[in-house]
Amino acid sequence: MCGIVGYVGRSAGRVNTEHKALDVVLEGLRRLEYRGYDSAGIAVVADGAISSRKKSGKLSNLIAELEAHPLPDALTGIGHTRWATHGGPTDLNAHPHLSDGGKLALIHNGIIENFAELKQELVAKGVTFLSETDTEVAAALIGDIYRNQLGGDNASGGLTRAMELACQRLEGAFTLLAVHADQPDVVVAARRNSPLVVGLGEGENFLGSDVSGFIDYTRRAVELGQDQIVTITADTVAITDFFGAPAEGKEYYVNWDPASAEKGGFPSFMEKEIHDQPDAVLQTLLGRSDVDGKLTLDELRIDTELLKSVDKIIVLACGTSAYAGQVAKYAIERWCRIPTEVELSHEFRYRDPIVDANTLIVSISQSGETMDTLMAVRYAKEQGAKTVSICNTNGSTIPRESDAVLYTHAGPEIAVASTKAFLAQIAAAYLLGLYLAQLRGNKFQGEIKDILADLGKIPAKIQQILDNADAIKKLGHDMVDAKSVLFLGRHVGFPVAMEGALKLKELAYIHAEGFAAGELKHGPIALIEEGQPVFVVVPSPRGRDSLHAKVVSNIQEVRARGAKTIVIAEEGDEAVKAYAEHVIYIPETPTLLAPLLSTVPLQIFALALASAKGYDVDQPRNLAKSVTVE
Ligand code: M6R
């Protein structure tokens, strides 16, 4: 969850670098703030000492603190933005945490599961603690090893060795970054189950929770493996395992444009990302099929015979990504005739699921770092399943640990509430479904080509919705005082309804529920009273199985009980008009592809309502962009 940055530069006398650790680290934190924003802190090594500042609240509070109490110029520094786990978001609990008489500073992302036991041990040795965090325990442990076990002797490995010995004792998930006053031009980092990337510069090196932590300075990145330690100086990057054995990282080039991680003139990242959606879908579809509609999913390096023998698909994901999986289930089952389950990652591995070598696990994750999903994928692999990751973040942990990957090309998603990643995930899952259908002969090539052609029209249709969004924005403003909003949908409209409700909960902090419209009469209809706003996602009247008529009946049922109905319907659907307070029309499209359109007005509505309330739509309260704890 937390954002982590580390930097070591060289003195201007030796190389022409103008960078100061403070500036580099603050810039990195600014880009990583989406990962956690309940406190922030920074430590630099200068003049043979550690100087640090930390502050609860957003990064701006830390910046104000730094203006009031500046730090000395330095070439080595670490910085942290926090999403609280152990101990509330206070100044004292903010990172860095110090030990070894203030000579060592540590920042941490993750949870040290055995911190209580270690704390007892350290307290018995006379260590006192200022915070309630597990991080301070790790700092004290490293400090104790450095000073008392290694005698503060840098010849015996110094901070790196202390980190190794500490990591051998730590349980749980962690990325740790440490600096020590005795080694002023070194940052030592360790990772287990939490993300960490190295950035390679000229006469300077970087560390970040992800590449956005240093993207302004270098595009050369090194992926670290599990249970590795990295020691960076301005000129060197040395990687080992937790026992000091040399290890290697994998270098790659970051092809993100830093500008794409900026707001591009929009008032918020979320609004920008909603407007990025035509391109996000287009980029995800691009280059993956030929003129005959033959799909070649190059990154999907998994034996085709194995894919042919798959007899069950389990989609693993959380939050919005799980709703993308639920949408995809309808298409995959229809196109491939493979039974497909969608399961929340955190529920999956604790229920003794039936998984074997013929099971294909499809994990969906924007960040590729969601701990619940990572753990579920690992569990499925242990059971012999084949794993494919649909992911938006190059080089992140879940795709790295999966047998195959299908990247969504939505570009960096910064706003905590997921928007463009959702549409790109659906598009990618559809490509996967069509690819399996092609491979297994469930569909003729011509049919696949037709579906791809329909998918190809989606970006322009999303644009059309964006260009005509005034009515839905007005609705958001007009409903600023709503206390509860319900969302109904059927078939693929059901996960869309749940996604619409999630957006509203996340952004506007009001009660919102998404229901399967058919389920209403089994209980939830009791919630309907005079004036209750109900959004209904209506399927195309051209669709199959009289679904449209059933949903129109559902609208009538809630309306008869006083609901104020807002209907998302296909252009030309006159039947809904009579029963709706408001109709939001979306362009015509085949039923299975409709979620790529019907979601968009719901995103715009949530954004408008939350903005009307004056809330921070990019960083809603209590949330973090990547949930890297279980
Ligand atoms: O990075 P992931 O896609 O794995 O994240 C999963 C969820 O945490 C995420 O979709 C979350 O629900 C978003 N805040 C939704 O807007």
Restricting segment 289-309 to residues that are open to solvent by less than 10 Å² (accessible area, probe 1.4 Å) and under 17 Å from Ile458 (Cβ atoms), the one modelled with the lowest pLDDT turns out to be Gly293
Of residues in segment 350-392 being under 20 Å from Asn193 (Cβ atoms) and surrounded by fewer than 21 Cβ atoms within 10 Å (Cβ to Cβ), the one nearest to the ligand (Cβ to nearest atom): Met375
Flagged in segment 349-375 as within 16 Å of the chain's Cα centre (by Cα) and touching a residue at least 40 places away in the same chain (Cβ under 8 Å), in numbering order, are Ser363, Ile364, Ser365, Gln366, Ser367, Glu369, Thr370, Met371, Asp372, Thr373, Leu374, Met375
Just checking, does segment 472-489 include any residue being open to solvent by 20 Å² or more (accessible area, probe 1.4 Å) and either within 16 Å of the ligand (Cβ to nearest atom) or under 22 Å from His548 (Cβ atoms) (or both)? no
Every residue from segment 482-519 that is closer than 15 Å to Val327 by Cα, assigned to a strand (DSSP E or B) and in contact with a Leu (Cβ under 7 Å, 6 or more places away or on another chain): Leu488, Phe515
Return the total of residues in segment 208-222 being open to solvent by less than 20 Å² (accessible area, probe 1.4 Å) and assigned to a strand (DSSP E or B). 3
Closer than 17 Å to Lys308 by Cα, more than 11 Å from the ligand (Cβ to nearest atom) and of a type in the set (Val, Ile, Thr) - does that describe any residue in segment 338-346? yes
Residues that are in contact with a Pro (Cβ under 6 Å, 6 or more places away or on another chain), closer than 23 Å to Val230 by Cβ and open to solvent by less than 30 Å² (accessible area, probe 1.4 Å): does segment 63-74 have at least one? no
Give the residues of segment 411-429 that are within 13 Å of the ligand (Cβ to nearest atom), under 14 Å from Ile332 (Cα atoms) and either assigned to a loop (DSSP other than H, G, I, E, B) or more than 13 Å from the chain's Cα centre (by Cα) (or both), sorted by residue number. Ile426, Ala428, Ala429
Would you confirm, using the coordinates I've provided, whether Lys312 is within 25 Å of Leu423 (Cβ to Cβ), among the basic types (Lys, Arg) and either in contact with a helix residue (DSSP H, G or I) (Cβ under 6 Å, 6 or more places away or on another chain) or open to solvent by 30 Å² or more (accessible area, probe 1.4 Å) (or both)? no
Taking segment 295-336 and keeping residues farther than 20 Å from Tyr350 by Cα and of a type in the set (A, V, I, L, M) leaves Leu295, Leu297, Leu300, Ile302, Leu306, Leu307, Val310, Ala324, Val327, Ala328, Ala331, Ile332
Can you name the number of the only condition in (1) outside the structural domain of Val291 (by TED's automatic domain parsing); (2) surrounded by fewer than 24 Cβ atoms within 10 Å (Cβ to Cβ) that Gly500 fails? (2)
For segment 430-451, which positions are surrounded by fewer than 19 Cβ atoms within 10 Å (Cβ to Cβ), part of a helix (DSSP H, G or I) and not charged (D, E, K, R)? Leu439, Gln445, Gly446
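Conditions (1) among the polar types (S, T, N, Q); (2) within 16 Å of the ligand (Cβ to nearest atom); (3) closer than 22 Å to Thr359 by Cα; (4) outside any helix (DSSP H, G or I), marked per residue:
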{"residue": "Ala280", "(1), (2), (3), (4)": "no, yes, no, no"}
{"residue": "Gln283", "(1), (2), (3), (4)": "yes, no, no, no"}
{"residue": "Gly287", "(1), (2), (3), (4)": "no, no, no, yes"}
{"residue": "Val291", "(1), (2), (3), (4)": "no, no, no, yes"}
{"residue": "Leu307", "(1), (2), (3), (4)": "no, no, yes, no"}
{"residue": "Tyr323", "(1), (2), (3), (4)": "no, yes, yes, no"}
{"residue": "Val327", "(1), (2), (3), (4)": "no, yes, yes, no"}
Would you confirm whether any residue within segment 399-410 is part of a strand (DSSP E or B), buried (at least 24 other Cβ atoms within 10 Å of the Cβ) and either away from the ligand (no atom under 15 Å from the Cβ) or among the polar types (S, T, N, Q) (or both)? no
Tally of residues being aliphatic (A, V, I, L, M) and within 28 Å of Val627 (Cα to Cα) across segment 108-165: 13
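The values are calculated or read from the model by the stated rules, or taken from the named source; none is laboratory data. If you're wondering where the values come from, they're calculated on a predicted model, not measured in any experiment. All Cβ positions, even for glycine, are placed from backbone atoms using ideal geometry, and neighbour counts span all protein chains on display. To get the accessible areas, we keep the full protein, side chains included, count just its heavy atoms, and leave off ligands, DNA and RNA. Shrake-Rupley method; radii C 1.70, N 1.55, O 1.52, S 1.80 Å.
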